[in-house]
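Asker: To start, I am sharing the structure in question, which I have written as structure tokens.
The values are calculated or read from the model by the stated rules, or taken from the named source; none is laboratory data. What you see is a predicted model, and the numbers here were worked out from it, not measured in a lab. Positions of Cβ are backbone-derived with ideal geometry, glycine not excepted, and every protein chain shown enters the neighbour counts. Heavy atoms of the whole protein, side chains included, go into the accessibility calculation; ligands, DNA and RNA do not. Shrake-Rupley method; radii C 1.70, N 1.55, O 1.52, S 1.80 Å.
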Amino acid sequence: MEIKPGENIGVCGRTGSGKSSLIMTLLRLLEVTPESTILIDGLNITKIPRQLVRSVVNAIPQDTFVFKESVCLNASPSKTHRDEEIIDALRQVHLWSLIESKGGLNVDLDEDFFSPGQKQLFCLARALLRKGKIVVLDEVSSSIDIVTDKLIQEVIRQEFHGVTVISIAHRLDSIIDFDRIAVLGDGQLLEFDTPQTLLNERSAFWDLYNQ
């Protein structure tokens, strides 16, 4: 699989097809065989420290997390961003008015502060602040309502313009306008083409989409 800079790539497949394993391998949570390679800008990331890889890949997991600290520290754990930058990122994901009404950047977060969809939006704000060139999303729409999912997809398209996005899709409509679709099965890449091409033939993606 070769992904061009700035492409939006949707990844789909049946349960057990290898979607999560692909993401975990990219983040060096799973190791590959010695003869295998994963190249980013020509550099084999299987040969460099894991923390360096994770520092340049923005990962937004299916199970989001916040810790019991201020909104400010949750948004910028490295404390490298000004309040104005954090507020701007929260505005971009449509969360600032809610947070402001509850006390602003210095209010502590807990598990009940955000709904599941709002937690995903908050993670998008974190990713915006990190300004990475690669964003990986692991089924971010699987536990949220359709309205919030559409908002998340809108933020991804508007605010991550020019960024390479790799998204494991729970709802296939969320990737139907992506540049290309990767369909996995039994740990193999079955198809890798534009959604239009795959839907115009009786492909594995066509089967998944029309279920």
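Asker: Applying 1/(1 + (r/R0)^6) with R0 = 30 Å to the Cβ-Cβ distance of Arg157 and Arg14, what FRET efficiency is obtained, to the nearest 0.05?
Answerer: 0.70
Asker: Can you give the longest stretch of the chain with no exposed loop site, where a site means chymotrypsin sites (Phe, Trp or Tyr not before Pro) in a DSSP loop (not H, G, I, E or B) with at most 14 other C-beta atoms within 10 Å?
Answerer: Excluding the exposed sites themselves, the longest stretch runs over 68-211.
Asker: Mind checking the stretch 94-144 for trypsin sites (Lys or Arg not before Pro) that DSSP puts in a loop (not H, G, I, E or B) and that have at most 14 other Cβ atoms within 10 Å?
Answerer: When the trypsin sites (Lys or Arg not before Pro) of the stretch 94-144 are filtered for loop state and at most 14 Cβ neighbours within 10 Å, Lys102, Lys131 remain.
Asker: Here are several values of Cα extents along the principal axes in Å: (i) 79, 47, 24; (ii) 52, 40, 28; (iii) 72, 50, 30. Which one was derived from the coordinates shown?
Answerer: This structure yields the entry labelled (ii).
Asker: Skipping prolines and chain starts, which residues have an amide H placed within reach, meaning under 5 Å, of the one on Ile60, given they are 5 or more residues away or on another chain?
Answerer: Val136, Leu137, Asp138
Asker: What is the local net charge at Ala182, summed over the other residues whose Cβ is closer than 12 Å to its Cβ (Lys, Arg +1; Asp, Glu -1)?
Answerer: -3
Asker: Over the stretch 81-211, with the other protein chains present, what is the accessible area per residue in square angstrom, probe 1.4 angstrom?
Answerer: Heavy-atom SASA per residue in the stretch 81-211 reads 50 Å².
Asker: Let me ask another. Carbon and sulfur atoms: what percent of the 1.4 Å accessible area of the chain do they account for?
Answerer: Carbon plus sulfur share of accessible area: 50 percent.
Asker: What is the chain's relative contact order, in percent, from Cα pairs under 8 angstrom and six or more apart in sequence?
Answerer: Computed over the chain, the figure is 33 percent.
Asker: What is the Cα centroid distance between the stretch 186-211 and the stretch 117-135, reported in whole angstrom?
Answerer: Each part's Cα centre sits 28 Å from the other's.
Asker: Sticking with this one: If you put +1 on each Lys and Arg Cβ and -1 on each Asp and Glu Cβ, how big is the dipole of the stretch 42-169 around its Cα centre, in Debye rounded to 20?
Answerer: It works out to roughly 700 debye.
Asker: Quick one: among Val183, Val155, Val32, which has the greatest mean-square fluctuation in a GNM of the chain with alpha-carbon springs under 10 angstrom?
Answerer: Val32
Asker: By its C-alpha gyration tensor, with a ≥ b ≥ c as the square roots of the eigenvalues, how is the stretch 1-40 shaped: rounded for a/c under 1.5, else prolate for a/b larger than b/c, else oblate?
Answerer: The shape class here is oblate.
Asker: Given the options Thr148, Asn106, Val165, identify the residue whose Cα lies farthest towards the positive end of the charge dipole of the stretch 76-190 (+1 on Cβ of Lys, Arg; -1 on Cβ of Asp, Glu).
Answerer: Value computed over the given set: Val165.
Asker: Out of the stretch 149-186, which trypsin sites (Lys or Arg not before Pro) are coil in DSSP terms and have no more than 14 other C-beta atoms within 10 Å?
Answerer: none
Asker: Take Asp186, project a point 7 Å from its Cα along the Cβ direction, then tell me which residues of the stretch 1-37 have their backbone nitrogen under 17 Å from it.
Answerer: Residues passing the 17 Å test: 13-19.
Asker: Shifting gears a bit: Longest exposed-loop-site-free stretch of the chain, with GluC sites (Glu not before Pro), DSSP loop and at most 16 other Cβ within 10 Å?
Answerer: After excluding every exposed loop site, the longest remaining stretch is 112-200.
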